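Comments concern the structure below.
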Amino acid sequence: MTYQQHIAATNQLIAGHNGTWDGIDAEAVARMRVQNRFQTGLDIARYTAAIMRRDMAAYDADPANYTQSLGCWHGFIGQQKMISIKKHFGSTERRYLYLSGWMVAALRSEFGPLPDQSMHEKTSVPALIEELYTFLRQADARELGMMFRDLDAARAAGNEVEEARLTKAIDGYQTHVVPIIADIDAGFGNAEATYLLAKKMIEAGACALQIENQVSDEKQCGHQDGKVTVPHEDFLAKVRACRYAFLELGVEDGIIVTRTDSLGAGLTKQIAVSKEAGDLGDQYNSYLDCEEVTDLSTINGDVIINRDGKLMKPKRLPSNLFQFRAGTGEDRCVMDCIASLQNGADLLWIETEKPHIDQIAGMVDRIRDVIPNAKLVYNNSPSFNWTLNFRQQVFDAWSDAGKDVSAYDRARLMSVDYDGTALGDEADERIRTFQSDAAARAGIFHHLITLPTYHTAALSTDNLAKEYFGAAGMLGYVKGVQRKEIREGIACVKHQNMSGSDIGDDHKEYFAGDAALKAGGAHNTMNQFAA
């Protein structure tokens with residue numbers, strides 16, 4: 001429905017109440033409706049799922065159409081990202097938000113900062129999704145409100161051309177609401193617990209759920225040691241639980257991202273159930289580190305499996321966990337990914353220990369031999385030392401090519417001494433093009449940075465504290481923050497407007513007319529930033 005159609009429909013509704021609604025202004029109602037396009041989280045989930053499906057098809061047609069996101073731990077952070085994207089690029093196309101379980105644990109738990117081990121309150125995840133979309137919807141209301149004010153000014157000036165332009169812009173308005181890929185960790189319990197949490201997350205607006213194949217009660221951050229995986233059937237039950245949640249709530253094209261931690265996970269808590277040779281359970285067990293049993297009298301409460309007609313005892317650790325054979329991680333990742341895609345997953349996530357395109361592509365090629373349109377979500381993680389990794393990759397490539405690398409010490413390539421060198425510059429260029437190169441070569445549909453604002457908040461706070469509490473005093477804030485905000489057009493310099501003060505003034509005028517007591521008058525100090 002267009003803006004004018006909203007006005008006409010509301011006028012008709014008001015006229016049907018025999019004068020008792022004559023105090024209601026139809027255009028004000030139309031404005032409020034346009035500013036509140038999404039009535040529920042499920043409206044958002046359905047809308048954003050369709051966006052992701054279109055983007056996935058566009059990527060299949062051309063890998064240059066990869067997508068990106070940044071991790072968020074607060075609604076304001078997500079809002080400012082999308083405002084900045086619209087400001088700098090004019091569109092939110094192919095840009096999403098990522099909700100990181102790591103940041104929820106570290107920054108949102110009532111227990112205080114926690115490691116990424118699923119110890120935080122599971123309800124904090126859907127609460128953050130709802131918060132993010134609340135802030136994104138408020139960004140819509142704010143921006144549209146400013147357009148409505150400009151529309152009123154154009155009418156008052158008799159500028160019909162500008163009035164028509166603004167009316168068209170309102171009808172074609174692009175929302176700040178974008179897909180959120182939300183981290184459900186390992187499901188926070190059994191499949192039923194996963195289903196219940198998935199429902200809450202979808203009801204809050206999530207169109208994409210990312211779930212990993214670690215055991216829930218031993219869950220670790222993907223870039224830490226001690227990871228323990230579960231057999232495929234256990235994991236696939238949780239994948240199906242997520243799909244049931246989507247379907248129950250009417251989000252029929254919801255996206256499930258299945259993450260495998262097998263590359264760095266050398267342990268399992270369970271021996272998989274196998275009904276016949278070659279099934280998923282048998283494949284899972286084939287990677288166990290075993291020793292042949294030749295004397296049954298030595299068995300004391302141990303598990304015995306049949307491998308190629310031999311009785312084998314999987315090695316059990318003092319933790320009561322079983323270990324996989326060293327060097328099997330990539331094979332297990334490939335098996336995990338194929339099994340997930342064949343059982344309801346839409347996208348894959350392979351957690352790696354370094355950002356290396358050839359390593360990722362080697363696994364993806366094997367997956368695509370079975371499932372040609374396999375696509376990845378990839379964690380461009382701050383847990384990687386990007387500078388050191390890429391400088392070492394260039395060093396190794398040059399060395400293999402016979403190029404003289406005697407001017408460089410591979411062990412200390414992080415040093416500032418190598419900034420601006422030929423090796424340092426080539427490494428930086430590889431970092432710059434990593435996402436586009438990996439999208440083309442390694443099947444990566446979506447690139448995300450899990451924890452960016454955790455680090456930017458720490459860095460900016462450190463810089464401000466150093467200046468403000470040091471010799472610079474108030475100049476540390478003015479020069480380092482406010483002057484930059486003004487000159488770079490950062491919307492938050494008008495923090496009253498950003499918090500919704502002008503939206504509230506509009507509503508006061510709708511409700512009370514000339515009697516409205518508004519905050520945005522001549523004495524509001526925000527007017528100092530009008531220029």
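Every number here is computed from the coordinates shown, using simple stated rules; none is lab data. Note that the structure is predicted; figures quoted are calculated from it, not measured. Ideal geometry is used to build each Cβ from the backbone, glycine not excepted, and the neighbour counts take in all protein chains shown.
What share of the DSSP beta bridges in the chain is antiparallel, in percent to the nearest 5?
Numbers: 11 of 43 bridges.
Within the chain, antiparallel bridges account for around 25 percent of the total.
Looking at the range 232-333, the trypsin sites (Lys or Arg not before Pro) that sit in a DSSP loop and have at most 16 other Cβ atoms within 10 Å of their own Cβ are Lys275, Lys315, Arg325. Compute log10 of I(q)/I(0) for the chain with the Debye formula, placing one identical point scatterer on every Cα and leaving out solvent, at q = 0.07, 0.11 Å⁻¹, to two decimals. Each listed q maps to, in turn, -0.51, -1.08. Checking every one of the trypsin sites (Lys or Arg not before Pro) in the range 463-531 against DSSP loop status and a limit of 16 other Cβ atoms within 10 Å picks out Lys518.
Note on Lys310: lysines with a C-alpha under 21 Å away, same-chain residues under 8 apart excluded, are Lys275. Note on Lys275 and Thr123: the extension gain reaches 51.0 nm, defined as 0.36 nm multiplied by sequence separation minus the Cα-Cα distance. Ignoring the sites themselves, the chain has its longest run without chymotrypsin sites (Phe, Trp or Tyr not before Pro) in a DSSP loop having at most 11 other Cβ atoms within 10 Å at 112-468.
Go ahead and collect, in residue order, the members of the range 100-125 whose backbone nitrogen is under 16 Å from a label point 7 Å along the Cα-Cβ direction of Asn190. Those under the cut-off are none; the list is empty. Straight-line reach from Lys199: taking Cα to Cα under 22 Å and skipping same-chain neighbours fewer than 8 places apart, the lysines in range are Lys122, Lys219, Lys238.
With N the number of residues in the range 19-116, Rg(Cα) / (2.2 N^0.38 Å) evaluates to 1.50. For the chain, leaving out every one of the GluC sites (Glu not before Pro) that falls in a DSSP loop and has at most 13 other Cβ atoms within 10 Å, the longest unbroken run is 277-531.
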